[in-house]
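Read through the structure below, which is laid out as structure tokens, and then see the notes.
The values are calculated or read from the model by the stated rules, or taken from the named source; none is laboratory data. Quick caveat, the model's predicted, so the values are computed rather than measured. Every residue, glycine as well, gets a Cβ built from its backbone with ideal geometry; the counts of neighbours run over all protein chains shown. Just so you know, the surface numbers come from the protein's heavy atoms only, side chains and all, with ligands and any DNA or RNA stripped out. Shrake-Rupley method; radii C 1.70, N 1.55, O 1.52, S 1.80 Å.
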Amino acid sequence: MKIIADKPKLLTETPMHYCPGCTHGIVHRLIAEVLEELGKADNAIGIAPVGCAVYAYRYFNCDMIEAAHGRAPAISSAVRRVVNPDNLIFCYQGDGDCASIGMAETVHACMRGENITVIFINNGIYGMTGGQMAPTTMPGVKATTCIYGRDPKKYGNPVHLSEMLATLTGPAYIERVACYDVPHVKKAKAALKKAFEIQMQKKGLSFIEVLASCPTNFHMTPIEAMDFVKTQAEPFYPLGVFKDITKEEANS
Amino acid sequence: MAKGKVEFREAYCKGCSLCVNACPMKILQISKRTNAKGYEVAECVDMDKCIGCASCATMCPDSVITVYRD
């Protein structure tokens, strides 16, 4: 019998600190698998965020940098300028990091079209700090800072980051994926692979938004939380490719 | 004879039961055994039925499961 699925070598043996059923672990594994398949495991550089994934540098066996809150795209822009152009650089960010405090860095890195990959984990809540409202919290969803559900009149509207960034000229590839069942995890892996391939072809910034669950702060079981992403989050944040420079080049 | 086989590294399992939900043959369950961290770990109850589809390993957030297939 041969092994068809195992823990990727790019992940360390350190047990992950994430809560049971957290989507971060799935995305970590997908990134490691994709980098190994592309043969880039030895020269990948990851930028860890602040948020639940703050310890991502403990789990990846490649070079990792821990950025200040929200500054991962800025750090990776700097890293891009000093390292070998063949190195793959990825930022791993949550919604508080990428869409709130780091919005300026995210937008400006996209405007410059830096040759990096940004992986944006959107679970619509601040996980690490205890379930406060995030910029991506959907209307009507309860959080500790909007206990009767988010009212757009009072708290503003959530941001659709992928759609917003797709209006810019800089980014090369923008896709939103989800991880709530096996087919969607496989699609997410394909999207990550495409994003890294675009970076290898030096076409510019690739941005992958992953709809994630947070069982602890949704106050649900992991299965219920995945179901919430499927039934509530996916209709509000539709999946799909929002920008693909390779297709535009093929059509022109 | 089973087509596939699954192995759990129980020390890493957090008992989230995403693998139990993903298994198309419904042969996984959360056992009454706990690991060093106090989580009730997942286990396979009928390995002969395993088809080695790796759905469980695809959903596992902690890369606990190793899947073998002929």
Can you name the residue in the range A:177-215 that is away from chain B (no Cβ under 14 Å) and in a loop (DSSP other than H, G, I, E, B) and is also nearest to A:GLU249 (Cα to Cα) among such residues? A:LYS203
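Those residues that are acidic (Asp, Glu), more than 17 Å from the chain's Cα centre (by Cα) and under 14 Å from A:ASN61 (Cα atoms), I need them from the range A:3-47; list them, please.
Within the range A:3-47, A:GLU13, A:GLU36, A:ASP42 qualify.
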For the range B:39-56, does any single residue satisfy the condition of being more than 8 Å from chain A (Cβ to nearest Cβ), free of Cβ contacts under 8 Å to residues at least 24 places away in the same chain, of a type in the set (A, V, I, L, M, F, W, C) and farther than 24 Å from A:ILE31 by Cβ? yes
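Considering the range A:1-18 alone, what residues qualify as being in contact (Cβ under 8 Å) with a residue 12 or more places away in the chain, hydrophobic (A, V, I, L, M, F, W, C), in a loop (DSSP other than H, G, I, E, B) and facing another protein chain (nearest Cβ under 8 Å)? It would help to see each step written out before you state the result.
We begin by selecting, within the range A:1-18, every residue in contact (Cβ under 8 Å) with a residue 12 or more places away in the chain; these are A:7-12, A:14, A:16-18.
Among the residues that remain, those that are also hydrophobic (A, V, I, L, M, F, W, C) are: A:10-11, A:16.
Within this subset, residues satisfying the condition of being in a loop (DSSP other than H, G, I, E, B) are A:10, A:16.
Within the range A:1-18, A:MET16 is the sole residue that qualifies.
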Going through the range A:219-228 in order, the residues found to be in contact (Cβ under 8 Å) with a residue 40 or more places away in the chain and surrounded by fewer than 22 Cβ atoms within 10 Å (Cβ to Cβ) are A:THR221, A:ILE223, A:ASP227
May I ask you to list the residues in the range A:160-216 that are open to solvent by less than 20 Å² (accessible area, probe 1.4 Å) and polar (S, T, N, Q)? A:SER162, A:GLN199, A:SER206, A:SER213
Positions within the range A:20-50 being more than 8 Å from every other protein chain (Cβ to nearest Cβ), part of a loop (DSSP other than H, G, I, E, B) and surrounded by fewer than 24 Cβ atoms within 10 Å (Cβ to Cβ), in sequence order: A:LEU38, A:GLY39, A:LYS40, A:VAL50
